[in-house]
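Contents: one structure, followed by commentary.
The values are calculated or read from the model by the stated rules, or taken from the named source; none is laboratory data. Keep in mind that this is a model prediction, so the values were computed, not measured. Methodologically, a virtual Cβ is constructed for each residue, glycine included, from the backbone with ideal geometry; neighbour enumeration extends over all protein chains shown.
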Amino acid sequence: MPEGPSIIILKEKLKPFKGKKVLDANGYAKGFDAGMLIGKTLKDIKTWGKHTLLVFPKFAVRVHMMLFGSYYINSSPKKNASLHMQFANGEVNFSISSIKLIEEPLDDVYDWPADIMSKKWDTQKAITKLKAKPKMMICDALLDQKIFSGSGNIIKNESLFRARLHPESIIGQIPEKKLEDLIQEVLNFSQDFLKWRKINQLTRHLEAHEKNFCPRDNIALHKTDTGKTKRHSYYCEKCQELID
DNA sequence: TAAGTTGTTCGGGG
DNA sequence: CCCCCGAACAACTT
């Protein structure tokens, strides 16, 4: 479930619980005592990339669904819930999620302009962060949450395909204009991801991720683990330029 | 049935 | 002290 656009959808689905009191709470997530939520009122729901932030009066709870996690609203996971919250008007469950208490002000903890789903996104800041890592492969940068918060493997592969850039390109060698183009593709694709995910049509619209053939050249796509992150990259050697 | 998956953190070794 | 790497974690689908 967990790339940025999916978290925006989750935020919408949590709206009915805004302003509601937690009647019961439990869960097996380690390092977090769900019982502390009982009797507290959920004031707001914020997001930062893949983080879902349940805002209570004096603290916030950070939910991160990692790689396999998911959520169940007014239904239950087949197995255990990392966090279960019961409200008068329904229940919220997270499975395989990291749950963490945040007691500091959120503005001190989060770099909002780094969130690819946020109106506060700042392209210039992203460019500056990229330039600070000239030897990094661009595929790794696209998974770096400090630079592209909310981006995951799907957004990485699709944005690189759209920008016609090879995943193993070295940041310091890529012209700034090309970096700007890539960032624009990240933003565009993330909005498309959100739109398609809402109507359950994401997979059919993907052009590179988990595909066998390049839709532009109709030749086989490479499927290789790339970069330090060693995640699957799908790319076309013909139309995605390697800049190194 | 076994493998694959939209991810991150931790600790050890060099 | 920094970087690199593997392990660990968990549920569900095909």
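Would it be correct to say that residue A:204 is in contact with a Pro (Cβ under 9 Å, 6 or more places away or on another chain), outside any loop (DSSP other than H, G, I, E, B), within 16 Å of DNA strand C (Cβ to nearest atom) and under 29 Å from residue A:9 (Cβ atoms)? Lay out the reasoning, then the answer.
On the way: in contact with a Pro (Cβ under 9 Å, 6 or more places away or on another chain): no; outside any loop (DSSP other than H, G, I, E, B): yes; within 16 Å of DNA strand C (Cβ to nearest atom): yes; under 29 Å from residue A:9 (Cβ atoms): yes.
The answer is no for residue A:204.
Given the conditions (1) within 16 Å of DNA strand C (Cβ to nearest atom); (2) among the aliphatic types (A, V, I, L, M); (3) assigned to a loop (DSSP other than H, G, I, E, B); (4) modelled with pLDDT of 95 or more, and given that residue A:92 satisfies all but one, which numbered condition is not satisfied?
Of the numbered conditions (1) within 16 Å of DNA strand C (Cβ to nearest atom); (2) among the aliphatic types (A, V, I, L, M); (3) assigned to a loop (DSSP other than H, G, I, E, B); (4) modelled with pLDDT of 95 or more, the odd one out for residue A:92 is (3).
Residues checked against (1) buried (at least 22 other Cβ atoms within 10 Å of the Cβ); (2) of a type outside the set (A, V, I, L, M):
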{"position": "A:156", "(1), (2)": "yes, yes"}
{"position": "A:161", "(1), (2)": "yes, yes"}
{"position": "A:180", "(1), (2)": "no, yes"}
{"position": "A:186", "(1), (2)": "yes, no"}
{"position": "A:191", "(1), (2)": "no, yes"}
{"position": "A:194", "(1), (2)": "no, no"}
{"position": "A:197", "(1), (2)": "no, yes"}
{"position": "A:203", "(1), (2)": "no, yes"}
{"position": "A:225", "(1), (2)": "no, yes"}
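Kindly indicate the residue of region A:1-32 that is of a type in the set (Asp, Glu) and within 16 Å of DNA strand B (Cβ to nearest atom) and also modelled with the highest pLDDT among those meeting that condition. Explain how you work it out, then say what you get.
Of all residues in region A:1-32, those of a type in the set (Asp, Glu) come to A:3, A:12, A:24.
From the residues that got through so far, the ones that are within 16 Å of DNA strand B (Cβ to nearest atom) too are A:3, A:12.
Working: A:3: 91, A:12: 96.
Of everything passing the filter in region A:1-32, A:12 is modelled with the highest pLDDT.
Looking at region A:1-33, which of the residues that are out of contact with any Lys or Arg (no Cβ under 7 Å at 6 or more places or on another chain) and hydrophobic (A, V, I, L, M, F, W, C) is farthest from residue A:186 (Cα to Cα)?
Out of the qualifying residues, it is A:23.
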